[in-house]
1. Condition test on residue 89, is it over 30 Å from residue 170 (Cβ atoms), in contact with a helix residue (DSSP H, G or I) (Cβ under 7 Å, 6 or more places away or on another chain) and either outside the structural domain of residue 15 (by TED's automatic domain parsing) or buried (at least 17 other Cβ atoms within 10 Å of the Cβ) (or both)?
2. Can you say whether residue 66 is without any contact (Cβ under 8 Å) to a residue 40 or more places away in the chain, under 20 Å from the mean Cα position of the chain (by Cα) and not in a strand (DSSP E or B), as far as the supplied structure shows?
3. Which one of the conditions (1) surrounded by fewer than 16 Cβ atoms within 10 Å (Cβ to Cβ); (2) in a helix (DSSP H, G or I) does residue 117 fail to meet, given that it meets all the rest?
4. Return a yes/no flag: does the stretch 94-106 have any residue that is at negative phi and part of a loop (DSSP other than H, G, I, E, B).
5. Of the conditions (1) closer than 22 Å to residue 5 by Cβ; (2) modelled with pLDDT of 95 or more, residue 75 clears all except one; give me its number.
6. Out of 15, 4, 19, report the one residue that is in a helix (DSSP H, G or I), more than 14 Å from the chain's Cα centre (by Cα) and under 10 Å from residue 93 (Cα atoms).
7. Do you know which of the residues in the stretch 122-157 that are touching a helix residue (DSSP H, G or I) at 6+ places or on another chain (Cβ under 9 Å) and within 20 Å of residue 104 (Cβ to Cβ) is modelled with the lowest pLDDT?
8. Of these, 120, 103, 98, which one is within 20 Å of the chain's Cα centre (by Cα) and more than 14 Å from residue 28 (Cβ to Cβ)?
């Protein structure tokens, strides 16, 4: 995972620099999101990893799937990725792009995973706390995971706060084991 992020970083930086210069951060965010979803598809991953298709064929496949949502610059970006056998890194490239975009816009995307659905008041409290702590605007996505047993996990960029019962039990087990 760390190696994939390391390899993806220069591509994400190049896309971010270009999009920033053109004033099209949202547009490129949408394009990279689409391309990441395509690359993340199991069948597409198999094709990307297969030696049966040439780089040009893979690039054309991605460009055709993107259709009119991709302009010439995005198509060229796909061709560069294909020529370097990096199409499989599109999910990582998109994620790194989003992190840079959030940083530039002074915002952060956070995730709240809780054992039970969070109320609007709880969500507002998490947003306010993260905004104070990070000094940025926070957009919160909420999901539930019954395996947490209780409590919640908050992720915002590199910050992870594990207040779940499962996490506490795991830490207790580790402490007792050592």
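The values are calculated or read from the model by the stated rules, or taken from the named source; none is laboratory data. Just so you know, these numbers come straight off a predicted model, no measurement behind them. All Cβ positions, glycine included, derive from the backbone under ideal geometry; neighbour counts span all protein chains shown.
1. Working: over 30 Å from residue 170 (Cβ atoms): yes; in contact with a helix residue (DSSP H, G or I) (Cβ under 7 Å, 6 or more places away or on another chain): yes; either outside the structural domain of residue 15 (by TED's automatic domain parsing) or buried (at least 17 other Cβ atoms within 10 Å of the Cβ) (or both): yes.
Yes.
2. Values: without any contact (Cβ under 8 Å) to a residue 40 or more places away in the chain: yes; under 20 Å from the mean Cα position of the chain (by Cα): yes; not in a strand (DSSP E or B): yes.
In short, yes.
3. Answer for residue 117: the failing condition is (2).
4. Restricting attention to the stretch 94-106, the residues satisfying the condition of being at negative phi are 94-105.
Imposing the further condition that a residue be part of a loop (DSSP other than H, G, I, E, B) reduces the set to none.
No - not one qualifying residue is present in the stretch 94-106.
5. Going through the list (1) closer than 22 Å to residue 5 by Cβ; (2) modelled with pLDDT of 95 or more, residue 75 breaks only (1).
6. Working: 4 fails: more than 14 Å from the chain's Cα centre (by Cα); 19 fails: under 10 Å from residue 93 (Cα atoms).
Result: 15 is the single residue among 15, 4, 19 that is in a helix (DSSP H, G or I), more than 14 Å from the chain's Cα centre (by Cα) and under 10 Å from residue 93 (Cα atoms).
7. Here the residue is 157.
8. Working: 120 fails: within 20 Å of the chain's Cα centre (by Cα); 98 fails: more than 14 Å from residue 28 (Cβ to Cβ).
Going through 120, 103, 98 in turn, just one is within 20 Å of the chain's Cα centre (by Cα) and more than 14 Å from residue 28 (Cβ to Cβ): 103.
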